[in-house]
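Down below is the structure, laid out as structure tokens.
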Amino acid sequence: MDIIDFLFADEQLFTTITLMVLIVLLVGNIITDKLKKYEEVDVNAATSLMDDESLIILDVREKKERKAGHIDGDLHIPLGAVKNQLNKLDKHKSILVYCRSGSRSAHIAGLLTRNEYGKVYSLKGGFQAWKRAKMPIKT
């Protein structure tokens, strides 16, 4: 009972609430990770996936972002247009999605898996990670 009294004492209430929020966020993050149906891959794993010539490499960056370069052989569909152009993607092929830093590609990877695309991967760190690894870039 002493711990409960301590945690809910007036001077500890803010700390207790903060701790509870952090625990909820941590548990939520763990659950979300377990439920996602796509896989985040690093640059090395992405290059291994590219051994499969039927792999679709999907760039979801905006057109202006492609001026910095892109991965050779990719298909460019900006984030806002992907939902309306799902018919351009074969559900039976593996799809590697990338953006600038990895957050938009994770969003689209989730969209694809919710629409019954089977083998979906998101490039962790996005095009920035690709460039840092000194991988080939098409301009």
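Please treat every number below as a calculation from the coordinates, not as lab data. Being a predicted model, the structure only gives us computed values, none of them experimental. Virtual Cβ from ideal backbone geometry, glycine too; neighbours counted across all protein chains shown.
Taking the criterion of being over 17 Å from the mean Cα position of the chain (by Cα) and closer than 16 Å to L123 by Cα, the only residue of the stretch 55-65 that qualifies is L55. Here T113 passes the criteria (1) assigned to a helix (DSSP H, G or I); (2) of a type in the set (S, T, Y); (3) under 19 Å from N44 (Cβ atoms) except the one numbered (3). For I71, the test of being under 22 Å from K134 (Cα atoms) and either without any contact (Cβ under 8 Å) to a residue 60 or more places away in the chain or among the hydrophobic types (A, V, I, L, M, F, W, C) (or both) is passed.
The helices (runs of 4 or more DSSP H) found wholly in the stretch 1-110 and carrying at least 1 residues that are surrounded by 13 or more Cβ atoms within 10 Å (Cβ to Cβ) and among the aliphatic types (A, V, I, L, M) occupy 2-7, 43-49, 79-82. Of the residues making up the stretch 116-134, those that are surrounded by fewer than 16 Cβ atoms within 10 Å (Cβ to Cβ) and out of contact with any helix residue (DSSP H, G or I) (no Cβ under 6 Å at 6 or more places or on another chain) number 6.
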